[in-house]
Amino acid sequence: MGGSQGESEDNKFWFPCYEAPNDKMTSEILVTVPKGWKAVSNGRLVGVTEGRTFHWRQEVPHSNYLIALAAADFDVRTEKWDGVPLTYYVPKGMGKRIPLAFRETKHMMGFYSRVTGQKYPYPKYAQVVVERFTFGGMENTSMTTLIDVALHDERARPNYEPEGLLSHELAHQWFGDYVTMKAWPHIWLNEGFADYFEELWFEDRYGKDEFQIRMMVNEAEPYFNEDANSYRRPIVTSKFLLPEDMFDAHTYQKGACVLHMLRYVLGDALWWKAIRHYVKQHARQNVETTDFRVAIEESTGKALDWFFNEWVYKAGHPEFEVSWTYDDDAKLVAVNVKQKQEVKDLTPLFRTPVEIYVANGEKTRTEKVE
């Protein structure tokens with residue numbers, strides 16, 4: 001079994017290439033493998049010569065780090081979603097585990113196509129399980145590579161589910177592959193989006209409670225832990241030594257939390273309108289964070305400089321101290337909110353809408369304030 005891993009800048013080790021992500025091109029691979037093996041790469045299969053030479057062509061332009069190849073004596077299964085072949089390549093002898101591991105793929109394809117306004121944009125979607133893969137998954141265009149623990153059995157199911165990994169990597173086909181960050185300081189446009197859309201799929205499939213638990217446990221807690229115990233930085237920054245330094249909880253988890261807050265600020269209707277406009281406006285292009293902000297403004301009429309300046313280009317988060325008093329004569333509740341975080345360097349005072357829930361034992365009401 002053999003395979004490649006391109007992100008962040010490693011494809012140069014197997015072919016000469018322009019390494020930065022800010023350029024998109026078509027790609028083509030011809031590979032000859034041992035007899036009985038199969039080779040899979042990006043795009044569509046043009047043909048197979050003498051059962052050993054596989055010719056793959058990626059006709060939708062993509063960034064260099066997304067070019068990939070895997071070859072082995074695979075078990076292969078194929079089904080279709082809305083005319084798109086869904087192909088599963090797994091190590092020989094593991095084919096019986098395909099239905100359990102990948103049973104939600106069709107639902108995921110439908111969800112992302114619907115909410116982004118863009119049907120899955122490639123001629124096939126392959127999910128390739130490989131051995132000795134050191135990442136969870138890699139969103140190579142139309143050909144995701146996955147760690148082998150994704151192939152579990154029924155005994156593991158109560159304690160393990162691959163849907164988080166699978167939905168994250170599939171979300172990348174839109175956010176990362178179809179619309180790609182222009183440079184590594186903006187990697188949250190790939191990874192923060194994939195993390196959040198992973199949770200959005202769970203919300204659609206299993207409901208709001210499941211979504212909120214996952215947002216707290218999978219997204220908020222890892223970010224708070226990294227911020228408290230390791231370091232604090234803005235989501236978008238050019239202060240890093242290697243691109244790999246940006247693959248952290250600020251990019252993934254805080255990115256997802258900030259997107260969730262943005263959805264709260266806009267409301268669901270405007271949020272989804274903005275997402276559809278962003279995807280349509282920047283289809284097959286490279287983007288910076290400013291492009292996302294402008295797309296929101298164009299589609300919603302909302303000026304959100306303040307939001308991006310505080311939550312994306314500055315660091316940290318508000319720490320609230322809240323107290324309240326009740327004036328029985330005036331029948332008024334006074335709420336006092338103080339931000340306790342130390343305002344220095346890149347940590348500002350934050351502006352955020354919050355909901356205040358008021359109850360007197362008989363009636364309740366919720367007020368949204370800034």
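Against the criterion of being modelled with pLDDT under 95 and either part of a loop (DSSP other than H, G, I, E, B) or touching a strand residue (DSSP E or B) at 6+ places or on another chain (Cβ under 6 Å) (or both), Gly51 qualifies.
The requirement of being on the phi > 0 side of the Ramachandran plot and buried (at least 24 other Cβ atoms within 10 Å of the Cβ) is fulfilled nowhere in region 186-193; no residue meets it.
No other residue among Leu170, Leu165 is open to solvent by 10 Å² or more (accessible area, probe 1.4 Å) and touching a residue at least 24 places away in the same chain (Cβ under 8 Å) apart from Leu165.
Remark: pairs (first residue in region 139-151, among the acidic types (Asp, Glu); second residue in a strand (DSSP E or B) and surrounded by fewer than 24 Cβ atoms within 10 Å (Cβ to Cβ); Cβ separation under 9 Å; 6+ apart in sequence or on different chains) = Asp148/Pro91; Asp148/Val130. Scan region 232-270 for residues that are surrounded by 18 or more Cβ atoms within 10 Å (Cβ to Cβ), of a type in the set (Lys, Arg) and either more than 18 Å from Thr347 (Cα to Cα) or within 15 Å of the chain's Cα centre (by Cα) (or both) and the total you get is 1.
Taking every residue in region 251-277 that is free of Cβ contacts under 8 Å to residues at least 40 places away in the same chain and pairing it with any residue that is acidic (Asp, Glu) and assigned to a helix (DSSP H, G or I), at least 6 positions away or on another chain, the pairs with Cβ-Cβ distances below 9 Å are Ala274/Glu297; Ala274/Glu298; His277/Glu298.
Taking (1) outside any strand (DSSP E or B); (2) closer than 24 Å to Pro121 by Cβ; (3) open to solvent by 50 Å² or more (accessible area, probe 1.4 Å); (4) among the acidic types (Asp, Glu) in turn, Glu59 satisfies each apart from (1). For region 213-231, residues that are basic (Lys, Arg) and assigned to a loop (DSSP other than H, G, I, E, B) total 0.
The values are calculated or read from the model by the stated rules, or taken from the named source; none is laboratory data. The shown structure was predicted, so the numbers you read here are calculated from the model rather than taken from an experiment. In this analysis, Cβ positions are derived from the backbone assuming ideal geometry, glycine residues included, and neighbour counts consider all displayed protein chains. Areas reflect the complete protein model, heavy atoms only, side chains present, ligands, DNA and RNA absent. Shrake-Rupley method; radii C 1.70, N 1.55, O 1.52, S 1.80 Å.
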